[in-house]
Amino acid sequence: MIEIDRVPTGVPGFDELCEGGLVRNRTYLLSGTSGTGKTNFAFQFLHSGATQYDEPGIFIATEERPSYLRENLSRFGWDMQSLEDEGKLAIIDACSTKIGIPSQERYVDVRPFDMRALLEQVITIQDEIGAKRAVIDSSTSIGFNLQDPARIRIELLKLSTTLEILGLTSLMTCEIVDDDLYSRFGVENFVTDGTILLYNKREDNTRVRSMEIFKMRGSDHKKGIYPYEITSEGIVIYPREEVY
Ligand SMILES: Nc1ncnc2c1ncn2[C@@H]1O[C@H](COP(=O)(O)OP(=O)(O)OP(=O)(O)O)[C@@H](O)[C@H]1O
Ligand SMILES: [Mg+2]
């Protein structure tokens, strides 16, 4: 049997749900409705890589401009700029050009509708910082650019496969509009090796946050639905409590 190398996510509680972490060099879909904490979860994964495991990361930001991300995530005590200065994090601004505004960022995706251009940029960064982890936040805006599900499927497969070949373990966020769906266009979960679902369900007058690992190719994982919180230090999952 081939030994499987695990990548700890650094999200408290998550790794014990899946034999110690994500399978190395695989791509995972992180799906959830708006505000469930996808961006937080994804960055927490890069932050722990950069600060605890000597694994630099690449953040492809298609939805929020990097300056906003730095500001928003600083609320959790995460200093993106310092990690960037130390060569442990690179953010690709794949947002500004798309909406037609100038960008002062070091890495800008200037041809936002061209997957090959984006991948070339990832390869360049990879040469510079030797990244081991990547985040695409989000796959949904890439999907909207492409529109046709058949094209979305092939382009996302190209993206996930290239990241895997480059030795990156990756999270792709996915915006869903209904908790009962796993992906936005119905294809994203087929071109990724695992699916993590974040829920924010209404129960009477409150909302309860919960998560599950829906699929993880090549790994055993817990099959329940577990509560999580977004705290001042980020996402915390409670793997010993179940939500029914
Ligand atoms: N300082 C904080 N402490 C606790 N919770 C916070 C804090 N800041 C933000 N949050 C929570 O985090 C949520 C946003 O998380 P995040 O941006 O990761 O969600 P998302 O799933 O990426 O949303 P979107 O689909 O809009 O991109 C907010 O809606 C809020 O509930
Ligand atoms: Mg987000």
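We did not get these values from a lab; they are worked out from the coordinates using the rules stated. Being a predicted model, the structure only gives us computed values, none of them experimental. Heads up, the Cβs are rebuilt from the backbone with ideal geometry, glycines too, and the neighbour counts pull from every protein chain shown.
Among the GluC sites (Glu not before Pro) within the stretch 1-48, those in coil by DSSP and having at most 12 neighbouring Cβ atoms inside 10 Å are 3. For a test of the definition: using alpha carbon positions, the gyration tensor, and the 1.5 limit on a/c, classify the stretch 34-91 as rounded, prolate or oblate. The shape class here is prolate. Within the shell defined by Cβ-Cβ distances under 12 Å, the residues around residue 179 carry a net charge of +1, with Lys and Arg each +1 and Asp and Glu each -1. Here's how it looks for residue 30: its modeled amide H is under 5 Å from those of 172, 173, 174, 196, which are all 5 or more places away or on a different chain. A run of the chain free of exposed loop cleavage sites, with trypsin sites (Lys or Arg not before Pro) counted only in DSSP states other than H, G, I, E and B and at most 13 other beta carbons within 10 Å, reaches its longest extent at 107-216. Among the GluC sites (Glu not before Pro) in the stretch 49-149, those located in a DSSP loop and surrounded by at most 13 other Cβ atoms within 10 Å of their own Cβ are 86. From the Cα gyration tensor of the stretch 90-211, with a ≥ b ≥ c the square roots of its eigenvalues, which class applies: rounded if a/c is under 1.5, or else prolate if a/b is larger than b/c, or else oblate? Verdict is prolate for the stretch 90-211. Calculated over the chain, the projected area of the Cα convex hull averaged across directions stands at 13.2 nm². For the peptides 185-195, 166-176, the ranking by packing is 166-176, 185-195, with the highest mean count of neighbouring Cβ atoms within 10 Å listed first.
Neighbours of residue 67, meaning other residues whose beta-carbon lies under 11 angstrom from its beta-carbon, give a summed charge of -2 when Lys and Arg score +1 and Asp and Glu score -1.
Seen from residue 159, the other residues with C-beta closer than 14 Å to its C-beta sum to a net charge of -3, counting Lys and Arg as +1 and Asp and Glu as -1. Here is how the number arises for the chain: DSSP H runs of 4 or more residues each give -39500 (n - 2.57), the sum is divided by the residue count, and the result at 222 nm is -9000 deg cm²/dmol.
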